[in-house]
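One structure, as structure tokens, below. Some questions next.
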Amino acid sequence: VMAAHGDPNPSHQPLLALHWAVTSVGFAVFVGASVYTQMQLYQLQKRKATIQSLISPDTVTLLLVVTLFYYTTALVYGAAMQSMPCWIYVLLPHLCSSAMAAIEIYLTLSFTHRLAVTQCCKHYLLFSSAERPDANAIKYARFVESVASFLDGNRIRYLSWTIYFVLLLVVLLDPSGREQLMGRAPFCTLRSSTMVIVGLLLFTIAYIIFLRRFDVIDPYRITFKLKLFSGIGMWGMFMFFLISQLVDPLVGWPHATLFGMQVVFVLQMAIWYIESYIPMKLTEAKAKEAAQCLDTTSILDTLSNPTLLKKFERRLIEEWSLESLEFFKAVVMLDIEAKNLISRAQNTVGSKTSFSSRSPNGKRNSINLRPLQL
């Protein structure tokens, strides 16, 4: 066995010891980078600095943790050549890959819902203006409204949990997986977890194609993250194929497993970059921009000036905050209407109105009402 797969003891092989050292450095880099960016995101969250596309640092932390533990059994069993029950070797990576896929789908569906709601608000503004919408605009508005309605409420959460439990069944539906769980297989593989990862990549590619139906305004680089994830994922699958078919027979199982861990490291760093680093940088930029904003133009002046209003609308479209525009309009109209009502009441009743009454002991009590100030 040792002749076929190589001696797993690093003290007997300097190159294997060096390979373990390189792998350990990569592992430490991923852990250190993840801890740093997540701590920054939690600090920003405490300061109420968040961006529309960031669901929660807790969700991203869970994703990074399951990504970290995905390949640990392969290191113990393949690189260190330590004895391990086959069901543990198969089940732990499968649980991690299923959780990873469910979280990524949850984030993707949340982005889709936010995008659809933004498009609905955009077309609501278009339809409420003097411009007459064409048939294509009406058809597109109905499409984004149906997407927003379908993903509304807790449906995204329920769909993600359903997908997670369905993915867990893959290991039972696969005959090879069942044999490995029952200890009847001649050797252990990560076939079921690999099938889940491939399914996630296929979903991502199909979603990128589906995203072409949207008029995408993407200030948070979600489409870039999806394309990067799919590209790195396909590269990873190709590299694993080369390692299993070419590298393993040449250098032995321990080295091949460590090479696989370095491919996983690239995938881990890609997930860290798109799900933790980019949101951290975008949130810091938005917080800095808000702190440096010294514009003293009032919201009433902005909404009453057609030029400023158009610029404000374009800005809110870029920031996915069109609901804020409708809220500002409603508040300003309420303010104006309330002042008009108070002014008419003052003209009718007077600037000061007094009511008086007598207490049981015969003392006279007076109450003066003055006009409200908004």
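Read-outs throughout are calculated quantities, based only on the coordinates presented, and are distinct from any laboratory measurement. Fair warning: this is a prediction, and the values are worked out from it, not measured in the lab. Neighbour counts are summed over all protein chains in view; Cβ atoms, including those assigned to glycine, are modelled from backbone coordinates with ideal geometry.
From the square roots a ≥ b ≥ c of the eigenvalues of the alpha-carbon gyration tensor of the range 150-245, which class results: rounded (a/c under 1.5), prolate (a/b over b/c), or oblate?
Oblate, since a/c reaches 1.5 and b/c is not below a/b.
Quickly rank 228-237, 154-163, 273-282 as a protection proxy: mean count of other C-beta atoms within 10 Å, highest first.
Taking the mean over residues of other Cβ atoms within 10 Å, the ranking is 273-282, 228-237, 154-163.
Arranged from highest to lowest average of other beta-carbon atoms within 10 Å per residue, in what order do the peptides 167-173, 256-262 appear?
256-262, 167-173
Which Cα, out of Leu202, Thr223, Val247, lies furthest along the positive dipole direction of the range 142-252 (beta carbon charges, K/R +1, D/E -1)?
Thr223
Using per-residue counts of other Cβ atoms within 10 Å, averaged over each peptide, order 187-195, 94-102 from highest down.
Ranked by mean Cβ neighbours within 10 Å, highest first: 94-102, 187-195.
About its Cα centre, how strong a charge dipole does the range 145-207 have in debye, to the nearest 20, once Lys and Arg get +1 and Asp and Glu get -1 at the Cβ?
It comes to approximately 220 debye.
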